[in-house]
Number of protein chains: 4
Amino acid sequence: MTHSGWHFLQIPGPTNVPDRVLRAMARPTIDHRGPEFAALTLDLIPALQRVFNTKDPVVIYPGSGSAAIEAAYVNTLSPGDRIVVFETGAFSLHWKNIAEKLGLRVDYVPGNWRRGASDSELESRLNADASHEIKAVVVVHNETSTGVASRLPDLRKAMDRARHPAMLFVDAVSSLASMPYRHDEWAVDVTVCGSQKGLMVPPGLAFCAVSQKARAAGKDAKLPRAYFDWNDIITQNAKGFFPYTPATNLFYALREALQMLEEEGMDNVIRRHARHGDAARAAVRAWGLELVCEDPREYSNSMTAVFMPEGHNADNLRALILQHFNMSLGIGLAKLSGKVFRIGHLGHFNDLMLAGTLCGVEMGLRVAGVPHKEGGVLAAMNSLAQVAEPAQAR
Amino acid sequence: MTHSGWHFLQIPGPTNVPDRVLRAMARPTIDHRGPEFAALTLDLIPALQRVFNTKDPVVIYPGSGSAAIEAAYVNTLSPGDRIVVFETGAFSLHWKNIAEKLGLRVDYVPGNWRRGASDSELESRLNADASHEIKAVVVVHNETSTGVASRLPDLRKAMDRARHPAMLFVDAVSSLASMPYRHDEWAVDVTVCGSQKGLMVPPGLAFCAVSQKARAAGKDAKLPRAYFDWNDIITQNAKGFFPYTPATNLFYALREALQMLEEEGMDNVIRRHARHGDAARAAVRAWGLELVCEDPREYSNSMTAVFMPEGHNADNLRALILQHFNMSLGIGLAKLSGKVFRIGHLGHFNDLMLAGTLCGVEMGLRVAGVPHKEGGVLAAMNSLAQVAEPAQAR
Amino acid sequence: MTHSGWHFLQIPGPTNVPDRVLRAMARPTIDHRGPEFAALTLDLIPALQRVFNTKDPVVIYPGSGSAAIEAAYVNTLSPGDRIVVFETGAFSLHWKNIAEKLGLRVDYVPGNWRRGASDSELESRLNADASHEIKAVVVVHNETSTGVASRLPDLRKAMDRARHPAMLFVDAVSSLASMPYRHDEWAVDVTVCGSQKGLMVPPGLAFCAVSQKARAAGKDAKLPRAYFDWNDIITQNAKGFFPYTPATNLFYALREALQMLEEEGMDNVIRRHARHGDAARAAVRAWGLELVCEDPREYSNSMTAVFMPEGHNADNLRALILQHFNMSLGIGLAKLSGKVFRIGHLGHFNDLMLAGTLCGVEMGLRVAGVPHKEGGVLAAMNSLAQVAEPAQAR
Amino acid sequence: MTHSGWHFLQIPGPTNVPDRVLRAMARPTIDHRGPEFAALTLDLIPALQRVFNTKDPVVIYPGSGSAAIEAAYVNTLSPGDRIVVFETGAFSLHWKNIAEKLGLRVDYVPGNWRRGASDSELESRLNADASHEIKAVVVVHNETSTGVASRLPDLRKAMDRARHPAMLFVDAVSSLASMPYRHDEWAVDVTVCGSQKGLMVPPGLAFCAVSQKARAAGKDAKLPRAYFDWNDIITQNAKGFFPYTPATNLFYALREALQMLEEEGMDNVIRRHARHGDAARAAVRAWGLELVCEDPREYSNSMTAVFMPEGHNADNLRALILQHFNMSLGIGLAKLSGKVFRIGHLGHFNDLMLAGTLCGVEMGLRVAGVPHKEGGVLAAMNSLAQVAEPAQAR
């Protein structure tokens, strides 16, 4: 198929990579053991720490987000260890599955895929675990399959109240650099992320921000590990190097993307995503469609998942929108397959891209004959124009 | 200023250059006297001829569109020669000014900048010129300052009826590759174009398609010429070379862009621009604003010029839209300065880019407090969705 | 530091990435669950199979070469399984270390780092293992730390003669696409490779070509695995997809690089590397320096490791060459640290790049005051010019 | 034809464009009437002035170097004006031909194409012109067809001694940013240059640095001019704009290239070219071949022209080198056709690129059976290694 114009990549990641980042990535590869590479690493890591809001080391893996999940487990736990994973959607299921493949025991706290992790549930489970069998709690911050963002500060408080020593593992893959994230303040032990969402980099890098407590847990952890062992990486990073060949060109991309985030200012980045989340939800409401997320306190600002009206298949709509309007929307995952479509509005994005995106959905609904009310785009414009923001002076 | 997301470059050229074209342009420069370069030229020229719908040579200059205007004159005329230029807007004025700087005498046929060249006026002027003093007639096909497209087939017929030997020079800078253009069928003698509009290439190349009659006129033409002399270029082009160093990397860009036009299919390209012209005008009407173009037969499909309501300055609106919405619109040129803004919708473009563009205008009008009715975007979506077109199978 | 001109990246990988590949990589990222992505995968895998000379599946991991080593182990073996690893240099040590971290028992066959794996030694060890405790034999095809290439056909024959069921794992990281490699013909069970050497792609992708026997072994393999589990990948690859987000832009790079290999013709690629290996060794001999590789049957054609004269440190020479001549050479690894420098001459390379490389070494030896004879470059030119090869007609 | 590895573009321009410059050029095109474009222009022009060593305006044309030659003439002279052009080679002839096409009268001072312009000859001609009929003197600084650099300081002194008011026009196309150039100190009236040589940018931009005297001469100049009229350009440049669409993406390239020159430091750039000129000539002498340039005071440091031995055709050698060694050398121009080949060693270049280049010539001579002595490369290495320079600290 041939399309004119920009492709609107409105899945909730990989996101639209800025052309600056793509060009930065196209620099010739350099010696990963030379001084220029060391300088690159020594630039990157503090810049990443600023994004994670942490003083802890941030470990970079050549790999997808799943690599960082596995790294979180194998560096801290032993076969048979018990962990709590909150069921929030398809990515919580992914964490559960990986844990089980590695031989961990998972308490999977049931959920309806429309709400975030419950702080009261967490508190009562921890309180019930007097023997401290639970070694770690896993929360997907922004559940990419549903557009529900768990309230991490509340969850942290619940853990504190329970005075339970379990580690807290957070999946920030689709929240980092688009919604507020505070690794240190929330005392997260391992924050897991990937390069391809708010960080505006193509897929291929995975990250773990690692607390002192997580590193200490590694001393007794018995899960076998080699590739994912973060000790050697952290040690070699001090001088700017890695124990095996890093993905040099993705590092270039990351450096440029982090530079862009700093130019815009992280507060502005967060505020931009908030405006876009509001506008997207205004459109959905005006169309008369139903959001997956039930609780306004848990709305995601990086993406919006929408139920199709009964009797209409989301994948047909998505295919038609791709074919007619050159836009990719996210599929419904796992049990939401066919029932939900997802609109990504994170990363390198602005008001007119969102406007074009929502026009594409509105026209798509119409061309596909999906029952809806006109006026979603108008509602979004009303939302956006009220709080239109001028460009940031550098 | 720092903006997130794509910049919407919605001036009527330079247009949004496809990333494919930008990457093609970034190939290393090669020897302009070697076999690889010759093959490049020998590919390019026939592909250009297909776009101009001509079998005549198409001459490529390193230069802006103005270079091609000057080339048209100096290769065919002598000092003091009389030509007719139709006043259609700022670009017709540009043709007049260049002609006068070069020592030509210009009959500037007055116009109101809202209509195209008049075929009846042309016919009567030619009929009145029994001694055939008039050597050339200049028509700007799509007047980029107004969004008015002169009806070339009617003008051609008028010249034929008058049986007058004047040459016909056409400025197709903002029409080629977005509106139908037929150099041979319309018996145009010199068609002038630039790289940066429908051809989707950055600025820096200028083109003249040159009829046999124009080449023959050159034998007696006394205007001095060196850089613009097309004879030597046409001769050396036969083997793939140029008399002086060509702009190699822009050639790469052009080859890729022509390839993209062929993949989409020129008929589809034309139809796409027609759909977008319709939708843009539907939006303007729904806003209650006034189009510059008066005659529906002369609507441009590559851009739309819009009058501001009395008492509102177009440049304020444009500055605000740039600042808040990261979109550039075209300024009002010459006597339309401040009174008109122009929306480019040509080149590498699609429905959602247009939708985003029109949302930017609608929100801009609102933020700027310019009186208008809501509903422009909705009207445009109605127009587009009625005739939504799936991607072309390759 | 600022240098003019090209950087000569003459480490034995990452290698100089072709500008075509870098530009291909800079294409915008696409939906990894859409039809365009599926087509990309379905193009890539057969093209990879042609390079590995196999009909077996080739699994692509987002990761470094080390990821593929770990994948080979965890997909086929159980804790406590015994394997044989031939000590050939630092990369054989890397295989051993990873195996031990994962809980395997390693028979590390001692070597002097100047010779390849011994077929007679292999045969006797297998014959001695009547109970078939040995589950796998690991051979580093081209030992990147030494420039010694083990003779795989002979090793295969030894295994066949011993009629031992052990699997054969081969590290082809620095041999694939530069030296002959035949996964099927040599009945290799897992061939491990990375993107950043002969394949001319930046680092970040790892590959395993996987025999039927290796897949079958997986059924009883007890090492925990999630990220590296190749079953799900192979299954989903059939339709062009992956179980987790693939490194899309590196896929673009890989597609372009494989296309370049096919344009040149794999036989020509192999012959080019052979010419360059000969010429590089001719230079070393003429300088009066000593090759690490002792046996001419085991010369590597992708790189050359050279001993420094007694009392001279290789890292000083390397640093000086980087500073004065803008060239990176490979360090001596592990026990060869400081004693050896390595010249990469694989990947996107040609006669004049090799000539410039060797001039850099010769001038570096001189500037650094390292005792040597002049004439290395001259010897290399003699070697190259004898068998100069014209460009391949496409 | 398909080649592996870098193409060595060793013609004396276009030169090897740095990958940084190519990527900078691939940025999306912007509005040439917006604030970002103005900032670009206002950055570029002072940076250009620093390279020309002038406080005079530097005018940028979208065009080849020939455009700037024509601009020099039409902005300052009238039909029938008399000028002096020194015959130094093919480019002096080009200046003469353009002048004559435009209706100027040319005193072409004969030369043997092996020496630069004679200061004594200039002085006597000016002294003989008591009536000051001569309006301008044209000198090609570095004659790209011969590798002879005229001694501008001596020529300037001759003009000063003669107290003649003629303007001085200098072609610095292949000297600027590789050999010392001082527009103000030498009181040059128009310095003409192009983007594609020492400035390391692809072809497509032409430059005129214009003295007050040259601008004043324009008031009475009667040659018709429109495209090349520099008055309007200089006026609009004050605010960062241009009277017609500038070649935006080449501006990006130029900005990056000027940035690179500043990072290296212009003195270092000049010294680098001097080292390379010395080394290239050492190689030619060692081969026993003859330089075109007769006078060591006039050696070019940006390129070297070499006579073929009697009975051997330079174009055969060049074709063979292109085919076998993926290197383009410069052809013999005009009367030197077939007799001379030219080695470009300017722009983005370093010791190992020069070494590779000279190896390519030496191997080419050998494969082509051209009589020569071995040892050119060795002589060049001796020359380079003596004065090897470390990278510049930024």
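The values are calculated or read from the model by the stated rules, or taken from the named source; none is laboratory data. In this text the structure is predicted, and so the values were computed from the model without any measurement. Cβ: placed from backbone, ideal geometry, glycine included. Neighbour counts: every protein chain shown. SASA here: full protein model, heavy atoms, side chains in, ligands and nucleic acids out. Shrake-Rupley method; radii C 1.70, N 1.55, O 1.52, S 1.80 Å.
Some observations on this one:
- Here residue A:64 does not fit the description of being within 14 Å of chain B (Cβ to nearest Cβ) and among the polar types (S, T, N, Q).
- So residue D:379, is it in contact (Cβ under 8 Å) with a residue 40 or more places away in the chain and more than 22 Å from residue D:261 (Cα to Cα): yes
- Within the stretch B:335-367, tally of residues that are more than 9 Å from chain A (Cβ to nearest Cβ) and open to solvent by less than 40 Å² (accessible area, probe 1.4 Å): 11
- Scope the stretch A:49-62; condition in contact with a Ser or Thr (Cβ under 6 Å, 6 or more places away or on another chain) and either open to solvent by 10 Å² or more (accessible area, probe 1.4 Å) or modelled with pLDDT under 95 (or both); matching residues: A:56
- Of the helices (runs of 4 or more DSSP H) lying entirely inside the stretch B:184-296, those carrying at least 3 residues that are within 30 Å of residue B:335 (Cβ to Cβ) are B:266-287.
- Note on the stretch C:376-389: among residues that are open to solvent by less than 50 Å² (accessible area, probe 1.4 Å) and either in contact with a Leu (Cβ under 7 Å, 6 or more places away or on another chain) or facing chain D (nearest Cβ under 8 Å) (or both), the one that is modelled with the lowest pLDDT is C:388.
- Residues that are open to solvent by 40 Å² or more (accessible area, probe 1.4 Å) and in contact with a strand residue (DSSP E or B) (Cβ under 6 Å, 6 or more places away or on another chain), drawn from the stretch C:73-89: C:82
- Flag for residue D:147 being away from every other protein chain (no Cβ under 13 Å) and in contact with a Cys (Cβ under 9 Å, 6 or more places away or on another chain): yes
- Residues that are part of a strand (DSSP E or B) and either more than 24 Å from residue A:217 (Cα to Cα) or of a type in the set (Lys, Arg) (or both), drawn from the stretch A:129-161: A:135, A:142, A:143, A:148, A:149
- For the stretch C:114-128, a residue qualifies if it is open to solvent by 10 Å² or more (accessible area, probe 1.4 Å) and touching a strand residue (DSSP E or B) at 6+ places or on another chain (Cβ under 9 Å), and the qualifying residues are C:114, C:115, C:116, C:118, C:121, C:125.
- Of the residues making up the stretch B:100-159, those that are within 26 Å of residue B:215 (Cβ to Cβ), touching a Ser or Thr at 6+ places or on another chain (Cβ under 8 Å) and touching a residue at least 40 places away in the same chain (Cβ under 8 Å) are B:135, B:136, B:138, B:139, B:140, B:141, B:142, B:150.
- Filter result (open to solvent by 20 Å² or more (accessible area, probe 1.4 Å), in contact (Cβ under 8 Å) with a residue 60 or more places away in the chain and either within 14 Å of chain B (Cβ to nearest Cβ) or on the phi > 0 side of the Ramachandran plot (or both)) within the stretch A:24-48: A:27
- Residue B:76 vs. criteria over 30 Å from residue D:329 (Cα atoms) and in contact (Cβ under 8 Å) with a residue 12 or more places away in the chain: yes
- The stretch A:7-23, residues that are touching a helix residue (DSSP H, G or I) at 6+ places or on another chain (Cβ under 6 Å), open to solvent by less than 10 Å² (accessible area, probe 1.4 Å) and facing another protein chain (nearest Cβ under 8 Å): A:8
- From D:227, D:244, D:252, residue being modelled with pLDDT under 95 and within 14 Å of chain B (Cβ to nearest Cβ): D:244
- Qualifying residue in the stretch B:308-324 (condition: touching a residue at least 24 places away in the same chain (Cβ under 8 Å), in contact with a Leu (Cβ under 8 Å, 6 or more places away or on another chain) and open to solvent by 40 Å² or more (accessible area, probe 1.4 Å)): no
- Among the residues listed as A:92, A:4, the single one being away from chain B (no Cβ under 14 Å) and either crowded, with 24+ Cβ neighbours inside 10 Å or of a type outside the set (Lys, Arg) (or both): A:92
- Yes/no for residue B:201 being surrounded by 24 or more Cβ atoms within 10 Å (Cβ to Cβ) and away from chain D (no Cβ under 14 Å): no
- Check on residue D:108, surrounded by 22 or more Cβ atoms within 10 Å (Cβ to Cβ) and of a type in the set (Ser, Thr, Tyr): no
- Annotation note: of C:161, C:182, the sole residue that is open to solvent by 10 Å² or more (accessible area, probe 1.4 Å) and closer than 25 Å to residue C:114 by Cα is C:182.
- Listed here are the helices (runs of 4 or more DSSP H) enclosed by the stretch B:310-388 that have at least 2 residues being in contact with a Pro (Cβ under 6 Å, 6 or more places away or on another chain), closer than 20 Å to residue B:12 by Cα and of a type in the set (Phe, Trp, Tyr), and there are none.
- Criterion applied to D:143, D:133 was being closer than 16 Å to residue D:167 by Cβ and among the acidic types (Asp, Glu), and the one residue passing it is D:133.
- Which listed residue, of D:170, D:192, D:201, is under 17 Å from residue D:256 (Cα atoms), modelled with pLDDT of 95 or more and β-branched (Val, Ile, Thr): D:201
- Condition check for residue D:176: within 14 Å of chain B (Cβ to nearest Cβ) and open to solvent by less than 10 Å² (accessible area, probe 1.4 Å): no
- So residue B:106, is it modelled with pLDDT of 95 or more, within 13 Å of residue B:139 (Cβ to Cβ) and in contact with a helix residue (DSSP H, G or I) (Cβ under 7 Å, 6 or more places away or on another chain): no
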